[in-house]
Structures are given as structure tokens and as C-alpha cells.
1. Per residue of region B:24-40, what does 6.51 cos²θ - 1.76 cosθ + 1.60 with θ = phi - 60° give for ³J(HN,Hα)? Whole Hz please, x for Gly and Pro, Karplus curve as stated.
2. Within 10 Å of each Cβ in A:34-40, how many Cβ atoms from other chains are there, averaged over the peptide?
3. To the nearest Å, what is the center-to-center distance of region C:159-199 and region C:1-64, using C-alpha atoms only?
4. Within region C:114-199, report the GluC sites (Glu not before Pro) that DSSP leaves as loop and that have at most 16 other Cβ atoms within 10 Å.
5. Ranking A:Val36, C:Val136, B:Val15 by Cβ neighbours within 10 Å, fewest first, what do you get?
6. Quick query: amide H of A:Thr93 versus all other amide H atoms, modeled in the peptide plane; which residues come in under 5 Å with a sequence gap of 5 or more or a different chain?
7. Could you tell me the calculated FRET efficiency between A:Thr106 and C:Gln164, based on Cβ-Cβ distance and R0 = 51 angstrom, to the nearest 0.05?
8. Enumerate the residues in region B:1-23 having an amide nitrogen under 19 Å from the point lying 7 Å beyond the Cα of A:Asn78 toward its Cβ.
Amino acid sequence: MRTTRAVEGWTLVPLERFIMESGARLALLMTPAGQVLAQHGFTRAVDVMSAAALGAAIVSSTGEIAKMMDEPEFRALNHQGVEHGIFLAGFETLRGRLLALVVYGTDSSMGLVELFFQTLKAELVAACPVEERREPVLAADFEHELNASLGSLFGR
Amino acid sequence: MTTRFRLALDSITRVRGVHGALLVAGDDGLIIAEALMEKVNGKAVAALAASLAKRLRRSMEACKAGAPHFMHLQAQDGTLVVVPAPDGVLVVTVGDARMNVGLVRLEMLRAAEALA
Amino acid sequence: MSLVNFTTREITCKIVYYGPGRSGKTTNLQYIYGRVPEGRRGRMVSLATKTDRTLFFDFLPLELGQISGFTTRFQLYTVPGQVYYNATRKLVLQGADGVVFVADSQARQLDENIESLQNLQINLLDNGMDVRDLPVVYQYNKQDLPQDLILSKRELDDALNFRQRPSFQADALSGSGVFETLKGVSELVLRRLSEVSTA
């Protein structure tokens, strides 16, 4: 089963290559607000959202610390555990700033992830298309379905 | 870079054909100390050599051969040599294809001992 | 801006519950968490102090289900209400698709409500967002308290809701009004996806 998925198609190939080369176990590409553009290795969508929310929060809060230190930004953040490490880094694209959250195990390393992240970053920056005008996504009469969805969610 | 690390690396880089030597954190693949020619991408060498050393160690252990003391990869245009030092540190040397591997090995083992 | 995946037909929206300290933002999420079946929600993440005051945010991902052929997910966030956590509030507001302003209906809390609302507008501006363009609904919480202690919906609308956005009375502890509030903000947020927009 393919475990790499992308909301934005242009992110898929660079992310797959990064996973293969770095040996990372889980990865997310997201906006600074925690919206996921691509993911690898997660099974439940809701888990992805939690990881993204927390990852984006770490980057945001340490970004504020950087400002207090008159540092433009922290290039990357690493959290080292016993079995797993977390790598977090941001970069600029035509679509604005994106963040990467990478979880790696003992079969990879901080050095490998950092090394191949540079390639990932360059490939994503090169592949990023300019944002397009969007057509309506939902039908005008979506309320009925929304009400039914919320009703079933709350057992009503 | 501390004097101890610099001395350890200097003795390796004095050998003819050596392009650079590094002390690398084996688990992280990050550089602890380096003495490299400009053309050598230290970060990449450190990360990839550490990954390689980790896999080779596992392979050796799977063969019931114990942990490796010395890893030597020879390619058409260059040589990579890795010696594990105490505390998970790796001594890594890159050089050209004609590098005197015997002498480099001796200096790397000395460097590893000096780090103990 | 809501994230839309046309390939896998998925929509993800970020909704932030904003308001003064102890107005009941976390209680809203806890109630929703308790009511929604496990398969349709993720773990509720609470970055709180030892005394259970929100330190950074609470977070609850929800699977709404299919809407117009799109699997629709909501990310519900709360912000810390206490005045000195403003930097954190600003961070959580980034990229919000909609806001629920949870006001404390107690008459003595009116100044805190107004201050928090002003703070919301400032933080939105700091994030390059205009409150006039953002889907916002109001929830007047703690309406279960004795009538002599609280302000009515009309009084609170007059004091806080001068743009005539949807507003809901609630008692988040018992769950009254929580569903209606979520429904209200959901409609506003998704309405924008049914209109032509520049991304």
C-alpha cells in the first residue's frame, strides 16, 4: 500500500524521493497554520492533523523565541529521543512558507535527514506552481449534507 | 575545534592523497570536527558514512563476526575509510584512489585511541 | 484558507475558539470530544498548565463526512484566554478559516469580553487577516447561570456583535448550544467554498 499521499500533487515525487533516501519513517509537509499538503507513513487522517498542529506550534513558538534573540529564524529544529528523532524546518516557496516535519528512527539519523532535506527543499521550491484562481468547490446547497453530517456526528 | 581533535585529524590529513578527515557522531551522522579540502562536502560525507557504518556493523553482527574495526571502500576515483572510535564517534577519511590506505589506517587507529 | 485536495476530494478547515479566560472554550471542545464517535475524531490534544488552564491550545480534529462529494475535516482549536498569553493566541489564529468567539455571559465579565474581542481584531490584523472578511460566530456561554448574574443574548449582541453575525446562547458544560455554534460556524466557513474565490 502506498503510504505517501499529497494534497498538492507537485509535492509527491520530491517527498517520495526524500523518504527513500533519508530513511525517514513519517513525514509531513504543511503550512505554518498546520494544514497538511503531503504526508508519508501515517495511517489515520486525524493523527496527521494532530501531528501537524503540534509541529506547526513548535515552529511558531520557537520562531517567537528567535525573534526575541534577534535571530531571523531557526533553520531547523531537532528533538532527539531514544528510538525516534523529530526534525522540523521551514522554507519559502511561491505559495509562501511551508514546514516539514520528519520523524526518523535508528535506521536513519539527524545527519541523513538534514542532508536530504536540503534536496527536498530545493526540489519543492523548483516544482512549486503559482497559485491559481479557484472555482467553487462545494455545491451551493451544501447545507443539507452539512446538517446530516453534523447530525450523525452528534447522534441527532 | 579543540586541540585534541585538531591534532587527531592533522595526523591523518598529512598523509599523501588524503582529501579530508572528520570526526562524526555515529548515531546522528553529524560532524564533530573536520579538516577538509574545499571540494569535499563534509555534511554529506558525515551523514552517509555514519549511515553506512551503522549498516555494515549490523551486517557484521548478523554474520556473528562482531563489530567492525575498520571499513574501507575503494572506488575508481577515491577512497573512503571509517574507523569506529570510543563513545560512538567515527573517524572518517576521504582521499584519492592512490591514497596510502595502510598509513591512513594506522593514523586513524591512533586518532581513535587518542580520543578515548 | 481551507485546504482542498481535488485529487482525493478532501477539505480541511481550521476553526478557532477565541474568547476571554474561563469563558468555556475548552469546555466546548471537551463536550464535542465526548459526543463524537471515536472513529470520527482524533485524540484531543490539550497543552495546558497543571491547573488545567490552556497554556498553548487545545486541538480536536473531526471528520465531518461527505459534503458535495468531499471528505470534510475540521480542525478545532482553542486559544489561551488569559491576557498574558497573547503571543500564543496570535500563533494559533494563523490560517484560521473561521472563529467562534466564546463570550462569558456574566455581567461582571463584560469588560473582559470586549477586551478579548478587541484583542481578536488586533491579532487578526497582525496576521494579515480582516475580521470583516472572516467567518465569525458568537457563543454566549453560561446562560444557565441565574438571570440576575448574566446578560441576555440581546444585550450581548448589542455590546459585542455589532456586525450582526450569527450568535448562539449556550451552556457548554451541559452541551446546550455547542452543536448549534459548531453548525453555525461550519456553514459560514463552507459557504466560502461554494463561492468563486481567489486563493
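Computed from the coordinates by the stated procedures, all read-outs in this text should not be read as laboratory data. Bear in mind that the values here come from a model prediction, so they are computed numbers and not experimental data. Quick reminder, even Gly has a Cβ in these numbers, built from the backbone with ideal geometry, and neighbours come from all protein chains shown.
1. Listing the rounded values in order: 10, 6, x, 6, 8, x, 9, 6, 9, 8, 8, 9, 10, 6, 4, 6, 8 Hz.
2. What the average comes to for A:34-40 is 4.
3. Cα centroid of region C:159-199 versus Cα centroid of region C:1-64: 15 Å apart.
4. Working: sites: C:Glu115, C:Glu155, C:Glu180, C:Glu187, C:Glu195; in loops: C:Glu195.
Hits after loop and neighbour filter: C:Glu195.
5. B:Val15, C:Val136, A:Val36
6. A:Leu98
7. 0.30
8. Residues B:1-2, B:22-23 qualify, since their backbone N sits under 19 Å from the label point.
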